[in-house]
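Novice: I'd like to ask some things about the structure below.
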Ligand code: 13P
């Protein structure tokens with residue numbers, strides 16, 4: 001069945017667990033996520049973000065994800081993360097991606113509705129799922145302002161008018177944190193989960209403390225996006241390894257780097273409650 005779309009991963013709006021979305025940048029990250037999916041028997045999302053597209057190219061990344069995901073029978077989706085123009089969505093769908101996120105969070109509401117609606121249509125025509133965003137999850141700032149947090153009435157209207165399968169919301173997390181220290185507005189999340197008819201997505205999870213993640217799943221988060229935390233793991237593993245074993249073979253270093261990232265993914269799968277779901 002692999003690769004599959006988000007609806008085929010087994011997570012639902014009512015399920016008391018969340019699926020992990022792990023940003024991948026090259027074959028080492030892809031192998032690390034698929035290895036953890038196998039060892040944990042956990043569905044997983046391989047997410048292709050814009051920086052990685054710049055680094056490796058859209059087609060090589062999607063092909064590598066599709067090919068490596070076929071090595072396992074555990075459900076794995078390949079998802080485009082934070083697309084901001086319709087052309088890259090179209091290209092990714094034509095290359096066989098299974099899910100796309102359109103990030104119209106910086107647009108005005110009507111423009112976001114219009115562009116997200118066309119992304120949803122394109123995705124569904126290809127048998128893919130679509131995620132939209134309402135509210136703003138900033139990059140690299142210290143905190144999130146009240147105005148950036150998701151407004152429940154707008155979230156309901158947005159989900160109903162666009163037909164998105166998943167909705168990313170802003171609850172206090174920030175993208176790009178190298179360590180965890182952030183809490184979320186759990187009351188706002190409860191309100192959103194009660195009112196919005198589709199599963200909710202948490203972005204910027206690297207910066208969110210474990211207890212808050214656990215509470216967020218209880219309160220309705222069903223997809224959790226992790227990027228920076230995994231880059232930190234690989235970088236610190238490799239810098240230690242290259243210092244301690246300067247004569248080692250590079251492929252052995254990279255192989256052990258895959259294991260280090262995979263263990264970190266597995267720890268997150270257990271935290272998200274997605275282990276042993278397949
Ligand atoms: P982090 O880099 O903060 O983990 O955020 C990941 C993310 O939200 C990708 O969409």
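Novice: What are the pairs with Cβ atoms under 7 angstrom where one residue, in segment 96-109, is over 15 Å from residue 154 (Cβ atoms) and at pLDDT 95 or above and the other, located anywhere, is within 15 Å of the ligand (Cβ to nearest atom) and part of a loop (DSSP other than H, G, I, E, B)? Sequence gap at least six, or different chains.
Specialist: 103/84
Novice: Suppose the filter is at pLDDT 95 or above, over 15 Å from residue 21 (Cα atoms) and within 12 Å of the ligand (Cβ to nearest atom); does residue 226 pass it? So that I can check it myself, show each step before the final result.
Specialist: Values: at pLDDT 95 or above: yes; over 15 Å from residue 21 (Cα atoms): no; within 12 Å of the ligand (Cβ to nearest atom): yes.
Criteria not met by residue 226.
Novice: Are any residues in segment 108-125 farther than 13 Å from residue 86 by Cα and under 20 Å from the mean Cα position of the chain (by Cα), and if so, which ones?
Specialist: 124
Novice: A further question follows. Filter segment 83-112 down to the residues that are within 22 Å of residue 34 (Cα to Cα) and surrounded by 24 or more Cβ atoms within 10 Å (Cβ to Cβ) and list them by number. Even if it seems obvious, please write down each step before you answer.
Specialist: Taking segment 83-112 as the starting set, the residues that turn out to be within 22 Å of residue 34 (Cα to Cα) are 92-93, 95-101.
Across segment 83-112, the qualifying residues are 92, 97, 98, 99, 100, 101.
Novice: I need the full set of residues from segment 266-278 which are surrounded by 13 or more Cβ atoms within 10 Å (Cβ to Cβ), at pLDDT 95 or above and not in a helix (DSSP H, G or I), in order please.
Specialist: Listed by number, the residues that qualify are 273, 274, 275, 277.
Novice: Any residue in segment 207-218 that's closer than 19 Å to residue 265 by Cβ and free of Cβ contacts under 8 Å to residues at least 40 places away in the same chain: show its pairings with residues that are within 14 Å of the ligand (Cβ to nearest atom) and part of a strand (DSSP E or B) at Cβ separation under 6 Å, as long as the two are six or more apart or on different chains.
Specialist: 207/182; 208/182
Novice: Looking at segment 253-262, is at least one residue modelled with pLDDT of 95 or more and within 17 Å of the chain's Cα centre (by Cα)?
Specialist: The first filter runs over segment 253-262 and keeps only residues modelled with pLDDT of 95 or more, leaving 253-262.
The next check asks that each one be within 17 Å of the chain's Cα centre (by Cα); those that pass are 261-262.
Yes, some residue in segment 253-262 is modelled with pLDDT of 95 or more and within 17 Å of the chain's Cα centre (by Cα).
Novice: Which of the following residues is under 20 Å from the mean Cα position of the chain (by Cα), more than 12 Å from the ligand (Cβ to nearest atom), surrounded by fewer than 19 Cβ atoms within 10 Å (Cβ to Cβ) and over 22 Å from residue 77 (Cα atoms): 143, 179, 183?
Specialist: None of the others qualify; the one that does is 183.
Yes/no matrix, rows are residues, columns are (1) within 16 Å of the ligand (Cβ to nearest atom); (2) under 27 Å from residue 119 (Cα atoms):
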| site | (1), (2) |
| --- | --- |
| 192 | no, yes |
| 204 | yes, yes |
| 208 | yes, no |
| 213 | yes, no |
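Novice: Still on this structure, please answer the following. When the residues of segment 146-176 are filtered to those that are under 17 Å from the mean Cα position of the chain (by Cα) and on the phi > 0 side of the Ramachandran plot, which remaining residue is farthest from the ligand (Cβ to nearest atom)? Before you say what the answer is, go through the steps one by one.
Specialist: Start the filter on segment 146-176 by keeping residues that are under 17 Å from the mean Cα position of the chain (by Cα), which leaves 164-176.
The next check asks that each one be on the phi > 0 side of the Ramachandran plot; those that pass are 172, 176.
Values: 172: 12, 176: 5 Å.
Per the criteria, the residue is 172.
Novice: Report, by residue number, each residue of segment 241-265 that is within 18 Å of residue 33 (Cα to Cα) and in contact with a helix residue (DSSP H, G or I) (Cβ under 8 Å, 6 or more places away or on another chain).
Specialist: Within segment 241-265, 253, 254, 256, 257, 258, 259, 260, 261, 262, 263, 264, 265 meet the criteria.
The values are calculated or read from the model by the stated rules, or taken from the named source; none is laboratory data. Because the structure is predicted, anything quoted here is derived from the model rather than measured. Note that each Cβ is placed from the backbone with ideal geometry, even for glycine, and that neighbours are counted across all protein chains shown.
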